[in-house]
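First the structure, in the form of structure tokens, and then the observations on it.
The values are calculated or read from the model by the stated rules, or taken from the named source; none is laboratory data. In this text, all values refer to a predicted model and were calculated from it rather than measured experimentally. Heads up, the Cβs are rebuilt from the backbone with ideal geometry, glycines too, and the neighbour counts pull from every protein chain shown. When the accessible area is computed, the model is the full protein with side chains, heavy atoms only, and any ligands, DNA or RNA have been set aside. Shrake-Rupley method; radii C 1.70, N 1.55, O 1.52, S 1.80 Å.
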Amino acid sequence: MIIKEYVAKRKKEIQKEIKKLKRVPNFVIVQVNEDVGSNAYVKGKLKDAEELGVKARLIKMPLTTSQTDLLKVVSDLNVNPEVDGFIVQMPLPKGINEEDVKIAINPNKDVDGFHPLSKLNPCTPQGIINYLHHEKITLQSKNAVVIGRSNIVGKPMARMLLKENCNVTVLHSKTSKEDMFNYVKNADIIVIAIGKQHFLDNTFEYKKSAIIIDVGISRDENGLHGDALENLPVALKTPVPGGVGLLTRLALYENLLTICKNK
């Protein structure tokens, strides 16, 4: 099933679950950037909320916001009984420590799943795993290569693939080109999240049965592009746009639903 169809199906299921709750979930997005990707992402999240029957609002703060001011907003949301869950949209301006902000969020309201005490997983890797399960793709004993080691995608993705009993290798900017080619050549599953347009191209060799999960996204005058070239000789490659971004947004509301159910 293509990702758009899968997401539409899951949205209908989530919508039914939300209607069963005692009250409408209240979700807040805090944004302190003018990033083009973030703006599109936030717009999509608010649209999803409307479709699902979730009460959502955006707190848009100026780029001059200090870390102290942002942490005050986070603190207020932490103790507001009307707010079930919230996120602080990344990236943040220079001068604001992202890790300090993540730690400040109440783990019981941490819809993004970034807090070390959160019982939820980060949305992007969780959305990917959910989709692979739905497609009945066998993960156990498969060679999984994660390209990129960010705290938001790469590292949690590797941990979650390990939980699925994959043989996991994490590649990064310090990996030699020779090793990069060798690991990709033998990979059953490749998750790439580095933000480098068409890094995976026809200079690499792939298993015909390989699956490429393209998380990265970049923009030029021709539009949006992923980290992997389209039409590579593999069994499946997720599209950009219309791929992992939709899975991430879906997982966000799955996490919110879990928070509301566990209250």
Which condition number in (1) part of a strand (DSSP E or B); (2) closer than 18 Å to N108 by Cβ is the one that L58 fails?
-> (2)
Scanning region 202-236 residue by residue, those among the charged types (D, E, K, R), in contact with a helix residue (DSSP H, G or I) (Cβ under 8 Å, 6 or more places away or on another chain) and open to solvent by 70 Å² or more (accessible area, probe 1.4 Å) turn out to be E205, R219
Among the candidates I212, I259, I189, which residue alone is among the β-branched types (V, I, T), closer than 18 Å to E135 by Cβ and over 16 Å from the mean Cα position of the chain (by Cα)?
-> I189
Could you tell me whether any residue of region 16-24 is touching a residue at least 40 places away in the same chain (Cβ under 8 Å), in a loop (DSSP other than H, G, I, E, B) and touching a helix residue (DSSP H, G or I) at 6+ places or on another chain (Cβ under 6 Å)?
-> yes
Matching residues in region 61-80 (open to solvent by 60 Å² or more (accessible area, probe 1.4 Å) and part of a helix (DSSP H, G or I)) number 5
Please give the strands (runs of 3 or more DSSP E) falling wholly within region 92-201 in which 1 or more residues are surrounded by 22 or more Cβ atoms within 10 Å (Cβ to Cβ) and small (G, A, S).
-> 143-147
In region 31-47, residues that are open to solvent by less than 50 Å² (accessible area, probe 1.4 Å) and either under 22 Å from L246 (Cβ atoms) or part of a helix (DSSP H, G or I) (or both) total 7
Residue match in region 71-90 (condition: without any contact (Cβ under 8 Å) to a residue 40 or more places away in the chain, among the charged types (D, E, K, R) and more than 26 Å from K263 (Cα to Cα)) | no
What number goes with the only condition from (1) over 25 Å from L224 (Cα atoms); (2) touching a His at 6+ places or on another chain (Cβ under 9 Å); (3) of a type in the set (F, W, Y) that F27 does not pass?
-> (2)
Identify all residues within region 202-248 that are touching a residue at least 12 places away in the same chain (Cβ under 8 Å), in a strand (DSSP E or B) and of a type outside the set (A, V, I, L, M); write none if there are none.
-> D214, S218, R219, D220, H225, K237
Within region 12-21, the residues that are open to solvent by 10 Å² or more (accessible area, probe 1.4 Å) and either at pLDDT below 95 or under 22 Å from G242 (Cα atoms) (or both) are K12, E13, Q15
For region 240-251, does any single residue satisfy the condition of being surrounded by fewer than 18 Cβ atoms within 10 Å (Cβ to Cβ), out of contact with any strand residue (DSSP E or B) (no Cβ under 6 Å at 6 or more places or on another chain), of a type outside the set (D, E, K, R) and within 30 Å of E17 (Cβ to Cβ)?
-> yes
Answer yes or no as to whether E50 is assigned to a helix (DSSP H, G or I), open to solvent by 20 Å² or more (accessible area, probe 1.4 Å) and under 23 Å from V83 (Cα atoms).
-> yes
Every listed condition ((1) touching an Asp or Glu at 6+ places or on another chain (Cβ under 9 Å); (2) modelled with pLDDT of 95 or more; (3) of a type outside the set (S, T, N, Q)) holds for G195 save (2)
